[in-house]
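The values are calculated or read from the model by the stated rules, or taken from the named source; none is laboratory data. Given the structure is predicted, the values throughout are model-derived calculations rather than measurements. FYI the Cβ positions are ideal-geometry reconstructions off the backbone, even for glycines, and counts take in every protein chain you see.
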Amino acid sequence: MFFLVVLKYFKIKRRTMINSTQSSHFTLSAYFETGLVQSLYFMIVLFLYVFIVGANMLLIVVICLNRSLHEPMYMFLCSLFVNELFGSSGLFPFLLLQILSDVHTVSVPFCLVQVFCLYTYGSVEFTNLAIMSYDRYLAICHPLQYNTCMTSSKVTLLIAVIWLPPVLAVLVSVCLTASLQLCGSIINQVYCDNYSIIKLSCSDTTVNNIYELVAASLTFCIPSSIILYTYMRILNVCFSGSKQTRQKAVSTCTPHLASLLTFFFSSFINVLQSRFDMSSVPNILRIFLSLYFFICQPLFNPVMYGLNMSKIRITSKSLFKL
């Protein structure tokens, strides 16, 4: 009986390998003929990328060069801006090449690298925002113990927590995806998406699905719990504290809250677009919705923090005067 089961397993495995149409390239089918407006689309995407790189690089340089900004809050902000550059560089140069190309294909290894970059960007972004909320909680709810709690070694540890777990989690996910036997090569996106690649598999994806579910749950639940807890405590202190405490909370938390809201909104749109049938939605709108998550935060964050945080604004102005 045992040998019959084993024989049946290998027959199924062999049939799967025979039916497989493993390809060295993926075709991105969401692109469409742009005709005369091809140059316009290229210029719009190029302008967005240049603005994102310029704005985020400016704030990174301002924070790194000015010793008065070497505080925990600004170190976490610097990490956030680095992540915006990382995510944008994983997407925009690729988009620019695809817009100019007549054949919208991408090699499997490069596709997996892009999946790693984009998924790491999203995970690091959320973790970074959670750590920033914890930092604001300590500054507002425990101001006297803040400097004792937020030492340079602890800041370094928290930055490692922001980056290392998401990088390792996404790396495992990409390795699991790379091990799949695929029976198709068409991705209905303008960039490489892990969920779309898994759907092309003709081998068993149980391990992938379980891992994706657990990793997504942990990636969402842990940062969400930190954010909810810290802001509940901040609100409690604001309502029961002095006017000065409320003003401090509003001035330091407003940019962070705005960034959190845009992140949740763009994440919701991205999940909605990737999990449901959007064939009835116009193609150009589908493309915009799929890119919104990767465009909104890198554009919004440097503008929001640069304009609303007085120390950064004043230091930036003095840098331009020089």
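Before moving on, here are some points about what is shown:
- Taking the criterion of being aromatic (Phe, Trp, Tyr) and without any contact (Cβ under 8 Å) to a residue 24 or more places away in the chain, the only residue of region 112-158 that qualifies is 146.
- Residue in region 29-36 that is part of a helix (DSSP H, G or I) and modelled with pLDDT of 50 or more present: yes
- Yes/no for residue 172 being part of a helix (DSSP H, G or I), on the phi < 0 side of the Ramachandran plot, touching a helix residue (DSSP H, G or I) at 6+ places or on another chain (Cβ under 8 Å) and surrounded by fewer than 15 Cβ atoms within 10 Å (Cβ to Cβ): yes
- Residue satisfying condition, being aliphatic (A, V, I, L, M) and surrounded by fewer than 14 Cβ atoms within 10 Å (Cβ to Cβ), within set 234, 186: 186
- Within the option set 79, 68, being in a helix (DSSP H, G or I) and modelled with pLDDT of 95 or more holds for one residue only, 79.
Residue by residue, here is whether (1) part of a helix (DSSP H, G or I); (2) of a type in the set (A, V, I, L, M, F, W, C); (3) over 26 Å from the mean Cα position of the chain (by Cα) holds:
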residue: 177; (1), (2), (3): yes, no, no
residue: 180; (1), (2), (3): no, yes, no
residue: 184; (1), (2), (3): no, no, yes
residue: 209; (1), (2), (3): yes, no, no
residue: 214; (1), (2), (3): yes, yes, no
residue: 220; (1), (2), (3): yes, yes, no
residue: 247; (1), (2), (3): yes, no, yes
residue: 252; (1), (2), (3): yes, no, no
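- Sole residue being surrounded by fewer than 17 Cβ atoms within 10 Å (Cβ to Cβ) and under 20 Å from residue 293 (Cβ atoms), chosen from 93, 109: 93
- Pairing residues of region 279-293 that are without any contact (Cβ under 8 Å) to a residue 24 or more places away in the chain with residues that are buried (at least 17 other Cβ atoms within 10 Å of the Cβ) and of a type outside the set (Gly, Ala, Ser), at Cβ distances under 7 Å and at least 6 apart in sequence or on separate chains, gives 289/273.
- Restricting region 201-223 to residues that are without any contact (Cβ under 8 Å) to a residue 12 or more places away in the chain and of a type in the set (Gly, Ala, Ser), the residue that is farthest from residue 125 (Cα to Cα): 217
- Looking across region 294-308, the residues that are in contact (Cβ under 8 Å) with a residue 12 or more places away in the chain, closer than 14 Å to residue 254 by Cα and among the hydrophobic types (A, V, I, L, M, F, W, C) come down to 300, 303, 304.
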